[in-house]
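Here the structure is laid out as structure tokens; the discussion comes afterwards.
A short reminder: the numbers here are calculations on the coordinates, not readings from a lab. As the structure is a prediction and not an experimental result, all values here were calculated from the model. Because the Cβ atoms are built from the backbone with ideal geometry, glycine has one as well, and the counts that use them run over all protein chains shown.
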Amino acid sequence: MTGAGSRARYRRFTTTRWSLILAAADPRSSSAHEALSSLCEIYWMAVYAFVRRTGASVEDARDLTQAFFAVVIEKGYFKDAQRERGRFRTFLLTAVAHFLSNRRKADRALKRGGGHIVLSLDVDDGERRYQLDPADTMTPERLFDRRWALAVLDHAMARLSAQYATPDRRKVFTTLKPFLDGHEPESHSAAATSLSLTEGSFRVKLHRFRKQFAASLRDVVQETVERPEDVEDELRYLLKAVGR
């Protein structure tokens, strides 16, 4: 996405704040509904992984995840959110744990039609990713945090990718991206040559790219915390959750 469309998309995401959801207790609020839907679409995999790790079958996890988000979005499930629960990650985990603690409530939600698709969830792909997670070595809560952290990193990368959407910048992005995880996929010299740069110029460009990703990552995290001063603590916690 480029041009005005890209700028509009960026502006939409910059207003997708957990604080907006807390402030808009009325579930009929269109702005709160959009904010919550956007956040849930990004982080639903953490909920699905949590449900699966609690022992639910693939089919049950699919239905329960959909039912949970139907209640969250359509019934104003968060309208009584407490401000001290300032991290959306923490609040969502608490909410889904409470939802699952009484399976009869979940079953009633399904029978009322609460399990219909309200988000764009690729549950088949979600199950594939779940199978890649450490088998039975993490509690449901730790797995939730790991999957949440991976979603944060993916979303930050997607946002950075949008800044490199033109054909000439796309090659720069695909060349620099592998260097972000701390593993050098090839020599700087070879990468520089592929971009028709000197090695010195390549190192400068890579340094800037890493700074851009760090800024994108902070922006994504900021959308899920209530206070700006919580961003750094949340970043450290999430990077630890994925072993970085």
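Quick look at the numbers
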{"quantity": "Gain upon complete extension [D60, R170; 0.36 nm per residue less C-alpha separation]", "calculated": "35.5 nm"}
{"quantity": "Extension gain (nm, one decimal) between D136 and D122, 0.36 nm per residue minus Cα-Cα", "calculated": "2.7 nm"}
{"quantity": "Selection from T198, L143, Y164 lying farthest towards where the dipole of region 115-244 points positive, charges on Cβ", "calculated": "T198"}
{"quantity": "Residue-wise HN-Hα coupling along region 147-161, computed from phi with Karplus coefficients 6.51, -1.76, 1.60 (Hz; x: Gly, Pro)", "calculated": "5, 4, 4, 5, 5, 4, 5, 4, 5, 5, 5, 4, 5, 5, 4"}
{"quantity": "About the Cα centre, charge dipole magnitude for region 172-244 (Lys/Arg +1, Asp/Glu -1 at Cβ), debye", "calculated": "340"}
{"quantity": "Label point distance in nm, A158-R236, each placed 7 Å from Cα along Cα→Cβ", "calculated": "2.9"}
{"quantity": "Efficiency of FRET between K211 and E34 - r from beta-carbon atoms, R0 41 angstrom, step 0.05", "calculated": "0.85"}
